[in-house]
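A quick write-up on the structure given underneath.
Coordinate-derived values only; no laboratory data. Small disclaimer: the values here were computed from a predicted structure and weren't measured. Neighbour counts run over all protein chains shown; Cβ positions are idealised from the backbone, glycine included.
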Amino acid sequence: MFDVYIRKLIPCFMLGTFLIRTTKVSAFLAALSRLQLPEGFTIALSVTLRYFPTMAEEWNYIKDAMVLRGLSASFAGFLRQPIKIMEYVYVPMLVSASRISDEITQAAITRGIDHAGRRSCLEKVCFSIWDALMVIIYIGIICMMTFDFLRGGVFP
């Protein structure tokens, strides 16, 4: 049962990691605005793209602070001192998560993310041959999975 969830979640995490590491938020927003997606959706995605790298950086700061206090941020450290680890990890993460989300939202509004006019971008955003190839491959995989499902195949 657990392996089914892992098989379904790993591609999502891989895609999200790839998107966060390779995409500039301004180019991503320009592409989404050209697709004419709802504004609330694009704002949520832009805040999310900025949020996860910032939280990873914050996690590194918390780990450094724990090392200074003589605590280990590993799983073994959690098993040895669970109450202290929860106190020194969860409380700062919750506080910083709230603060960071507010700061990112304020920065996005300051940059004009809620502007009603047409969004501009300095980078050229277009649908290339590589994008078309990926769409064709994706549609092919979906067709194969659908055909396999209709035949009673192996894909759950």
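Converting phi to 3J(HN,Hα) with the Karplus coefficients 6.51, -1.76 and 1.60 and the offset θ = phi - 60°, segment 141-147 yields 5, 4, 5, 5, 5, 5, 4 Hz in sequence order, with x at every glycine or proline.
Listed by chain and number, the lysines placed with their C-alpha closer than 23 angstrom to that of LYS63 are LYS84; residues fewer than eight positions away on the same chain are left out. The residues ILE137, ILE20, ILE129, when put in order of fewest to most other Cβ atoms within 10 Å, stand as ILE129, ILE137, ILE20.
On the beta carbon distance between THR23 and MET93, with R0 = 22 Å, the FRET formula returns roughly 0.30.
Placing R0 at 35 angstrom, the Cβ-Cβ distance between ILE100 and CYS126 gives a FRET efficiency of 0.60 after rounding to 0.05. Bridging of LYS124 to aspartates and glutamates at a Cα separation below 19 Å is possible for none of them, once same-chain residues fewer than 8 apart are set aside. In segment 2-113, Cα pairs under 8 Å separated by at least six residues give a relative contact order of 25 percent. When each of THR48, THR110 is scored by the number of other beta-carbon atoms lying within 10 Å, the sequence from fewest to most is THR110, THR48. For PHE147 and LEU15, FRET efficiency with R0 = 30 Å and r from the beta-carbon atoms, rounded to 0.05? The calculated FRET efficiency here is 0.80.
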